[in-house]
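Here is the structure we will look at, set down as structure tokens.
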Amino acid sequence: MQTAEAAWRLFIDRGYDNVTVADICAAADIAPRTFHRYFGTKEDVVAEPVRRMAGIVSDYLAAAPPATPDAEVMRLAMLELGRFAVERLDWLTALRIVVQQSHHLQSAHIGVRPEQEQELTAMLAARHPESPPDWRLRLLVAYSVAVFRIWYDDHSRAGVADPLGRLDEMLRTVTEGLPTASGH
């Protein structure tokens with residue numbers, strides 16, 4: 001989308017805190033009403049990669065066959081997210097830079113929030129309506145998100161020879177060691 005691309009160029013060139021919606025509209029050659037049709041605020045432009053990443057995981061969990069163990073579903077969802085991150089490393093690196101340079105964005109906590117982890121846990125639990133969710137599912141989701149965060153940090157800062165292989169190794173270390181609830 002032309003608007004988001006213009007916004008990202010401005011954020012990188014000037015810093016998020018020094019860019020207004022009017023600046024974005026001028027750079028994208030659009031009216032403010034057009035901007036607001038797609039984004040409520042300029043912060044929404046910055047949060048777009050995180051929303052897309054959350055959508056990848058949610059979509060994967062929703063489409064996973066019920067017979068697949070939750071730990072495997074979570075591992076495969078995180079690998080799908082890893083592929084997205086590897087393919088869009090430049091965009092996600094720009095996100096990191098823009099957030100680091102903005103006092104406002106640092107306080108806004110752009111990333112996975114606890115309520116999003118709870119939503120993922122609920123999606124996993126919905127795969128097994130006969131078994132009530134318990135702490136094991138919450139732990140599986142929290143561990144998987146933490147593993148992804150650590151992997152992404154390593155991959156984006158230092159590079160990894162086989163990034164998806166490393167992510168899979170890290171996820172297996174966590175998911176294979178978790179206790180499982182009956183039916184999960």
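Return the single residue from 97, 30, 56 with maximal mean-square fluctuation; model: Gaussian network over the chain, springs between Cα atoms under 10 Å.
Looking only at 97, 30, 56, the biggest GNM fluctuation is shown by 30.
Where does the chain land at 222 nm, in deg cm²/dmol rounded to the nearest 500, when only DSSP H runs of n ≥ 4 count, each adding -39500 (n - 2.57), divided by all residues? Could the numbers behind the result be given before it?
Numbers: 10 runs with 137 residues, N = 184.
Calculated from helices alone, the mean residue ellipticity at 222 nm is -24000 deg cm²/dmol.
Could you work out how much longer the chain between residue 26 and residue 97 gets when fully extended? Use 0.36 nm per residue separation minus the Cα distance between them, nm to one decimal.
Working: separation 71, 0.36 × 71 = 25.56 nm, distance 2.30 nm.
Computed gain between residue 26 and residue 97 is 23.3 nm.
Roughly what would the spin-label model give for residue 2 and residue 169, points 7 Å off Cα along C-beta, in nm?
The modelled label-to-label distance comes out at 4.6 nm.
Pairing the Cα long axis of helix 114-126 with the longest principal axis of the chain, what angle in degrees results, from 0 to 90 and rounded to the nearest 10?
It is inclined by approximately 40 degrees.
Using +1 at the Cβ of each Lys and Arg and -1 at the Cβ of each Asp and Glu in the range 46-175, identify which of 84, 158, 122 lies farthest towards the dipole's positive end.
158
With the contact rule set at Cα under 8 Å and sequence spacing of 6 or more, what percent relative contact order holds for the range 1-40?
Normalised by residue count, the contact order of the range 1-40 is 41 percent.
Points 7 angstrom from Cα along the Cβ direction at residue 157 and residue 41: gap in nanometres?
With each label placed 7 Å out from Cα toward Cβ, I get 2.9 nm.
How big is the charge dipole of the range 31-155 about its Cα centre, in debye rounded to the nearest 20, if each Lys and Arg gets +1 on its Cβ and each Asp and Glu gets -1 on its Cβ? Working shown, then result.
On the way: 14 positive and 16 negative charges, 72 e Å.
With Lys and Arg at +1 and Asp and Glu at -1, about 340 debye.
Evaluate E = 1/(1 + (r/R0)^6) for residue 150 and residue 88, where r is the Cβ-Cβ distance and R0 equals 22 Å; express this FRET efficiency to the nearest 0.05. Let's see the in-between values first.
Working: r = 19 Å, r/R0 = 0.85.
My answer for the efficiency is 0.75.
Coordinate-derived values only; no laboratory data. All values reported here derive from a predicted model rather than from experimental measurement. Methodologically, a virtual Cβ is constructed for each residue, glycine included, from the backbone with ideal geometry; neighbour enumeration extends over all protein chains shown.
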